[in-house]
Amino acid sequence: MNQELDLQQLYKSALRIRLVESMIADKYAEGNMRCPVHLSIGQEIPSAIFQQVVKPGDTAISTHRAHAHYLAMGGNLPKMIAEIYGKATGCSKGRGGSMHLIDLEKGFLGSSAIVGNSIPVGVGVGLAKQLNKEDAVSFIFLGDGAIEEGSFYESANFAVVHKLPVVFIVENNLYSVYTGLSPRQPEDRSICALAKAIGLNCDVTNDSDFVGTYSKLASLTKNTRDGNGPSLIEINTYRKLEHCGPNDDDHLGYRPIHELEGLKERDLLQAIKESLSLSTHDYELMESEIWSEIDSAFSFAESSPFPTYEQVIGGVYAN
Amino acid sequence: MQTNSASEILRVLDRNLKENPKFLISGLGVADPKGVFGTTLGLSEKYGVQRVLETPTSENAMTGVGVGLAISGFRPLMVHQRLDFFILAMDQLVNSAAKWHFMFGGQSSVPITIRLITGRGWGQGPTHSQNLHSWFAHIPGLKVVMPSFASEVASLLQASINDPNPVIFIEDRWIHNQQVDVVDPRIDKPIELGKAHVCTSGTQITVVSSGYMSIESLKAVNYLNGIGISVELIDLRTIKPLDMQTILMSVEKTKNLLVVDSSNEIASFGKEIIANTLMKSDTQLLSRPSLVSLPDVPEPTSHGVIGQYRVSAVKIAQSILRTLAIPDPADLIEALTPLKEDVPDASFTGPF
């Protein structure tokens, strides 16, 4: 590997995602963010590691749970918050909401609410990169649920046939909404084994293994970048909150107690912190910088105007 | 010298591949020995398999790939040899292609053309002959083009390719062999999407049709003209955008309306036109507006009954006469019924 994981940067990126999502959760009850929000608390690490692998010129496309991916690509924070508030200054001018984020300047091409929907679009972007002979990769974020969609198989197959510069990043959080893996996928067949059978270069990792996850993602990406065909990394992770919304949903009982205790109480941010040798002052400074960025993003969103109805109805077709 | 619609489509694709390095075509069969009914024949040899791209049998993902290409600066054209297979791609059509421009605040758009070929007759049956243009017209963000005549197919296809939005281009299989003179001045004359064409000017009744139905309608109109009945035939060219203005102006003159639609009647586009006319026109009609379309029944395969099921010149002429309260001439059926009702012309012998 030509580079090593920067743990301090990893901590800062993951903390930023955590704090942005926490602020959304805290303020959700005020009733001004009136759209579904799928928060990434507990799933910060895959995005924070991805941030150290992605290069200028690369692009990413994502899912309904897109906040962390958008932020990791450098997506504009005030515009994301304004979008969740339904404001004209939002990254999609208030027409998309939390599930439809975009920042073209940063190569974040979009996120889509239908499971599996953005996968083939990302593969098409990869084909464009190949046709343009760009030295760049199209990253596609998806979850374990999307593996069950036909669009995943169709897209992966096509990407393999054409050796496209595409990297699939699968965040396996074990649940599709409230349904666990066992009724959805055979227990003795891993996502990675399925991907390998399709012809993807593949590896599997746990997000708690920071160095391992980084080195696997970096190595697969390099291989793809070098023209050796598409890759898939399966990153085992866990969401802390409910599928959609600002609270937990433990009262529903769909996640077994032992799992909740074992996985939910894990704090990967704390784990990174323990391996860093920063002073309390350093941490306070880092946090206060992030908080001031978040505060100003929320002020921007709250004080921005709504789009006009004329702007919305005039926006269906390109001219 | 004559050419036909299939050759016209081939000519337009060839020209775009030649002139625009960002234009490419994809679909199952675009580089095969039959070349999608001859409409892509020879293009892969000429422009390479990267720009004339054979695809896996993956309609949904390949539509998404087209969206990905389109948002990356390419101008893809996709083709499906039967519209019915494209039903597998509804997620990418409706949730991606049609929405992308709108839901990302207009920052990104999807200039993609999707050619869908509709089967008709020769035993195409329930799953190879569906006319689903009404579905597509229902989706905000799409445009829907239905070419009829060989003289206009090139211009309509070029306008669809030039459009910065997703365009559904529906080719009834039976338009492919329609003939036109190669020096016809209408060929390549630019057509703006959303402008209907008044094929015949008339005073007694307005007939509105689209796609292959306009060819059948024209047969009926010509026959009726021979017995002194004056019909204004409007070929829509595009059902979305819809040129209501041309329809309303015509109805104001004729005060009678018949819509000919190749779709099944329930929630059909034909009813959209009738409803629009009634809602937007102050004209006092002389008769109830009427519709010729398919019943709420899938297409039967048997060639023994297809003539009764399908809309043809006979049914159109009879409906016009009924609307005008004129009895059918004795020779109507004989004059307008083809020798075989399940083929476009005698040269068609299947099997595809």
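Readers should treat all values here as calculations from the given coordinates under stated rules, not as data from a laboratory. Note that this is a predicted model, so its numbers are computed, not measured. Quick reminder, even Gly has a Cβ in these numbers, built from the backbone with ideal geometry, and neighbours come from all protein chains shown.
Extension gain A:Asp188-A:Glu265, at 0.36 nm per residue separation less the Cα-Cα distance, in nm?
Extending this stretch completely gives an extra 25.0 nm.
I'm checking a number: the convex hull volume of the Cα atoms of region A:68-130, normalised per residue, in Å³. What is it?
83 Å³
If the only charges are +1 at each Lys and Arg Cβ and -1 at each Asp and Glu Cβ, what is the size of the charge dipole of chain A around the Cα centre, to the nearest 20 debye?
Around 980 debye, computed over chain A.
I'm a student and want to see the number: the projected area of the Cα convex hull of region B:113-161, averaged over all directions, in nm².
Over every viewing direction, the Cα hull of region B:113-161 projects on average to 4.2 nm².
Longer than 26 Å from Cα to Cα, which of B:Lys22/B:Lys46; A:Lys129/B:Lys18; A:Lys129/A:Lys222; A:Lys196/A:Lys273; B:Lys219/B:Lys271; A:Lys12/A:Lys216 are they? Say none if no pair is.
Pairs exceeding 26 Å: A:Lys196/A:Lys273.
Residues of B:103-115, mean number of Cβ from any other protein chain within 10 Å of their own Cβ, rounded to a whole number?
Shielding by partners across B:103-115 averages 6.
Any idea what % of Cα-Cα pairs in region B:173-231 are farther than 15 Å?
61 percent
If the chain between A:Ala88 and A:Ala29 were fully stretched, how many nm would it gain, using 0.36 nm times the residue separation less the Cα-Cα distance?
19.1 nm
What number, in nm² with one decimal, is the all-direction average of the projected area of the convex hull of the alpha-carbon atoms of region A:195-319?
Computed as one quarter of the Cα hull surface, the answer is 15.0 nm².
Apply the Kirkwood formula to region A:265-319: the hydrodynamic radius equals the inverse of the mean of 1/r over all pairs of different alpha-carbon atoms; give it in Å with one decimal.
By the Kirkwood definition, the hydrodynamic radius is 15.4 Å.
What residues have an amide H closer than 5 Å to that of A:Ala88, excluding those fewer than 5 places away on the same chain, when H is modeled at 1.01 Å from N in the peptide plane?
For A:Ala88, the qualifying residues are A:Phe306.
Aspartates and glutamates within cross-link reach of A:Lys27: Cα-Cα under 14 Å, excluding same-chain residues under 8 positions apart?
Answer for A:Lys27, where 14 Å is the Cα cut-off: A:Asp295, A:Glu302, listed by chain and number.
Send over the per residue convex hull volume for the protein assembly as shown, Cα only, as a whole number of Å³.
Considering the Cα atoms of the protein assembly as shown, their hull volume per residue is 173 Å³.
Gaussian network model of chain A, Cα springs within a sub-10 Å range: biggest mean-square fluctuation belongs to which of A:Asp144, A:Asp103, A:Asp295?
A:Asp295
Any idea what Rg and Dmax come out to for chain A if you just take the C-alpha atoms, in Å?
According to the Cα coordinates of chain A, Rg and Dmax are 19.2, 56 Å.
Please list the three semi-axes, largest first and in whole Å, of the ellipsoid equivalent to region A:13-124, using sqrt of 5 times the eigenvalues of its alpha carbon gyration tensor.
Whole-Å semi-axes of the equivalent ellipsoid: 21, 16, 13.
Across peptide A:149-157, how many C-beta atoms of other chains are within 10 Å of each residue C-beta, on average?
5
Straight-line reach from A:Lys93: which lysines have Cα under 18 Å away, leaving out those fewer than 8 places along the same chain?
Output for A:Lys93: A:Lys79, A:Lys106, B:Lys99.
What are the ³J(HN,Hα) couplings of region B:142-159, residue after residue, when phi is run through the Karplus curve with 6.51, -1.76, 1.60 and θ = phi - 60°? Round to Hz, x for glycine and proline.
Coupling constants for region B:142-159: 9, 10, 10, 10, 10, x, 10, 9, 4, 6, 10, 4, 5, 5, 5, 5, 5, 5 Hz.
Let's see if you can work this out: charge +1 on each Lys and Arg Cβ, -1 on each Asp and Glu Cβ, no other charges. What is the dipole magnitude of region B:2-181 about its Cα centre, in debye to the nearest 20?
Computed about the Cα centre, the dipole is about 200 debye.
Let me have the relative contact order for region A:40-130, percent, based on Cα pairs under 8 Å that are six or more residues apart.
29 percent
In sequence order, what are the phi-derived ³J(HN,Hα) couplings for region B:286-293 according to the Karplus relation 6.51 cos²θ - 1.76 cosθ + 1.60 with θ = phi - 60°, rounded to whole Hz, with x for glycine and proline?
Calculated HN-Hα couplings, in order: 7, 8, 5, x, 10, 9, 10, 8 Hz.
For chain A, list the DSSP H helices whose alpha carbon atoms reach 18 Å or more along the long axis and whose average Kyte-Doolittle value is 0.0 or above?
Long hydrophobic helices here: A:118-131.
How much of the calculated P(r) for chain B lies past 37 Å, in percent of all Cα pairs?
The proportion of pairs with Cα distances above 37 Å equals 17 percent.
Under the Karplus relation 6.51 cos²θ - 1.76 cosθ + 1.60, θ = phi - 60°, what is the ordered set of whole-Hz ³J(HN,Hα) values for region B:301-310, x standing for Gly and Pro?
Going residue by residue, I get 7, 4, 6, x, 10, 4, x, 6, 6, 6 Hz, with x marking Gly and Pro.
Within 10 Å of each Cβ in A:109-116, how many Cβ atoms from other chains are there, averaged over the peptide?
What the average comes to for A:109-116 is 5.
Semi-axes of region B:12-112's equivalent ellipsoid from the Cα gyration tensor, sqrt of 5 times each eigenvalue, largest first, rounded to whole Å?
Whole-Å semi-axes of the equivalent ellipsoid: 24, 17, 9.
Given a 10 angstrom Cα cut-off, can you work out which residue in A:Asn132, A:Asn228, A:Asn172 is the most mobile in a GNM of chain A?
Between A:Asn132, A:Asn228, A:Asn172, it is A:Asn132 that shows the largest mean-square fluctuation.
With 10 angstrom as the radius, rank A:Lys240, B:Lys240 by how many other C-beta atoms surround their C-beta, starting from the fewest.
A:Lys240, B:Lys240
Can you give the charge dipole size of region B:197-336 about its Cα centre, rounded to the nearest 20 debye, using +1 on the beta carbon of Lys and Arg and -1 on the beta carbon of Asp and Glu?
The calculated dipole for region B:197-336 is roughly 200 debye.
Amide H neighbours of B:Arg115 under 5 Å, at least 5 residues apart or on other chains, H built in the peptide plane: list them.
B:Met78, B:Val79, B:His80, B:Phe169
Rg/Rh for region A:225-299: what does it come to with C-alpha atoms and Rh from Kirkwood?
1.10
Express in % the proportion of alpha carbon pairs of region B:52-164 at distances exceeding 18 Å.
The proportion of pairs with Cα distances above 18 Å equals 52 percent.
Once the principal axes of the Cα atoms of region A:104-153 are found, what is the range along each, listed largest first in whole angstroms?
32, 23, 12
List the residues, sorted by chain then number, that are 5 or more residues from A:Phe139 or on another chain and whose placed amide H is less than 5 Å from its amide H.
Excluding prolines and chain starts, which carry no amide H, the hits are A:Thr59, A:Ala60, A:Ile61, A:Val167.
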